[in-house]
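Asks: Here's a structure for you.
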Amino acid sequence: MVKRTIVKIDESKCNGCGQCVAPCAEGAIQIVDGKAKIVSEDLCDGMGFCVGICPTGALSVEERHTIEFNREKAEAQPAKTDESIRCFMCRSGESERYLIPARHNMESIWVCTRCLPALIHG
Ligand code: SF4
């Protein structure tokens, strides 16, 4: 066991929408019985890339004792794409541009790196 950052899921706030599954490149999050779950804590690197996309605020990052992140296991997870993930401004998908989850006007959105400056600076 080590003390490190890891994603925390508040099941009382989770509506099971599944929007947090695709952003987790390591495959640590899956929907089980209608709720998001960390299926294997050694797959969660605690970076929190999923946090910004949750529309209900169910995801956060905390520091606690858990098992170590297993980079080899994480990198061996099958790659997955989600065609519903697109930049909210230009509609580019993840095969075209780098996409970043963000909160904007009280909504969870994806924005590509080309549109991000316009979002920030107007
Ligand atoms: S994005 Fe949030 S509400 Fe949707 S499944 Fe994930 S934790 Fe639950």
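Asks: Would you pick out the residues in the stretch 85-122 that are of a type outside the set (Val, Ile, Thr), within 23 Å of Cys44 (Cα to Cα) and either within 16 Å of the ligand (Cβ to nearest atom) or in a strand (DSSP E or B) (or both)?
Replies: The initial filter retains those residues of the stretch 85-122 that are of a type outside the set (Val, Ile, Thr), namely 86-99, 101-108, 110, 112, 114-119, 121-122.
From what is left, the residues that are within 23 Å of Cys44 (Cα to Cα) are 94, 98-99, 101-103, 108, 110.
Leu99, Pro101, Ala102, Arg103, Ser108, Trp110 - these are the residues of the stretch 85-122 that are of a type outside the set (Val, Ile, Thr), within 23 Å of Cys44 (Cα to Cα) and either within 16 Å of the ligand (Cβ to nearest atom) or in a strand (DSSP E or B) (or both).
Asks: Shifting gears a bit: Taking His121 and the conditions (1) under 22 Å from Gly18 (Cα atoms); (2) outside the structural domain of Val7 (by TED's automatic domain parsing); (3) open to solvent by 60 Å² or more (accessible area, probe 1.4 Å), which numbered condition does it fall short on, given that it satisfies the others?
Replies: The one condition His121 does not meet is (1).
Asks: Just for the stretch 9-44: of the residues that are open to solvent by 50 Å² or more (accessible area, probe 1.4 Å) and more than 10 Å from the ligand (Cβ to nearest atom), which one is nearest to Tyr98 (Cα to Cα)? Lay out the reasoning, then the answer.
Replies: Step one: filter the stretch 9-44 for residues open to solvent by 50 Å² or more (accessible area, probe 1.4 Å), giving 10-13, 15, 17, 19, 25, 30-33, 35, 37, 39, 41.
Next, from what is left, pick out any that are more than 10 Å from the ligand (Cβ to nearest atom): 12, 25, 32-33, 39, 41.
Details: Ser12: 32, Ala25: 13, Val32: 28, Asp33: 31, Val39: 26, Glu41: 26 Å.
Restricting to residues being open to solvent by 50 Å² or more (accessible area, probe 1.4 Å) and more than 10 Å from the ligand (Cβ to nearest atom), the top hit is Ala25.
Asks: Search the stretch 1-34 for residues being outside any loop (DSSP other than H, G, I, E, B) and touching a residue at least 40 places away in the same chain (Cβ under 8 Å), and hand back the single one that is nearest to Pro55 (Cα to Cα). Spell out the reasoning first.
Replies: The first filter runs over the stretch 1-34 and keeps only residues outside any loop (DSSP other than H, G, I, E, B), leaving 2-9, 29-32.
After this cut, where a residue has to be touching a residue at least 40 places away in the same chain (Cβ under 8 Å) as well, the list is 2-9.
On the way: Val2: 30, Lys3: 28, Arg4: 25, Thr5: 22, Ile6: 19, Val7: 16, Lys8: 15, Ile9: 13 Å.
Among those that are outside any loop (DSSP other than H, G, I, E, B) and touching a residue at least 40 places away in the same chain (Cβ under 8 Å), it is Ile9.
Asks: Sort out which residues of the stretch 49-59 are surrounded by fewer than 18 Cβ atoms within 10 Å (Cβ to Cβ) and among the small types (Gly, Ala, Ser), and write them in order of number.
Replies: Of everything in the stretch 49-59, those that are surrounded by fewer than 18 Cβ atoms within 10 Å (Cβ to Cβ) and among the small types (Gly, Ala, Ser) turn out to be Gly52, Gly57.
Asks: I'm told Pro55 meets every condition in (1) more than 9 Å from the ligand (Cβ to nearest atom); (2) closer than 16 Å to Ala102 by Cα except one. Can you identify the failing condition by its number?
Replies: Failed condition: (1).
Asks: Then there's this: Would you check if His65 is away from the ligand (no atom under 12 Å from the Cβ) and open to solvent by less than 80 Å² (accessible area, probe 1.4 Å)? Walk me through how you get there before you give the answer.
Replies: On the way: away from the ligand (no atom under 12 Å from the Cβ): yes; open to solvent by less than 80 Å² (accessible area, probe 1.4 Å): no.
For His65, the condition - away from the ligand (no atom under 12 Å from the Cβ) and open to solvent by less than 80 Å² (accessible area, probe 1.4 Å) - is not met.
Asks: Let me ask another. Go through (1) farther than 12 Å from Ile53 by Cβ; (2) of a type outside the set (Lys, Arg); (3) surrounded by 10 or more Cβ atoms within 10 Å (Cβ to Cβ) and name the single condition Ile85 misses.
Replies: If we test Ile85 against (1) farther than 12 Å from Ile53 by Cβ; (2) of a type outside the set (Lys, Arg); (3) surrounded by 10 or more Cβ atoms within 10 Å (Cβ to Cβ), just (1) comes out false.
Asks: Also, quick follow-up: Scan the stretch 44-80 for residues that are charged (D, E, K, R) and touching an Asp or Glu at 6+ places or on another chain (Cβ under 9 Å) and jot them down. I'd like the intermediate steps shown before the answer.
Replies: In the first step, residues of the stretch 44-80 are kept if they are charged (D, E, K, R); the result is 45, 62-64, 68, 71-73, 75, 80.
Asp45, Glu68, Arg71, Lys73, Glu75 - these are the residues of the stretch 44-80 that are charged (D, E, K, R) and touching an Asp or Glu at 6+ places or on another chain (Cβ under 9 Å).
The values are calculated or read from the model by the stated rules, or taken from the named source; none is laboratory data. Keep in mind it's a predicted model, so treat the numbers as computed, not measured. All Cβ positions, glycine included, derive from the backbone under ideal geometry; neighbour counts span all protein chains shown. Note: accessible area is taken over every heavy atom of the protein model, side chains too, but ligands, DNA and RNA are not part of it. Shrake-Rupley method; radii C 1.70, N 1.55, O 1.52, S 1.80 Å.
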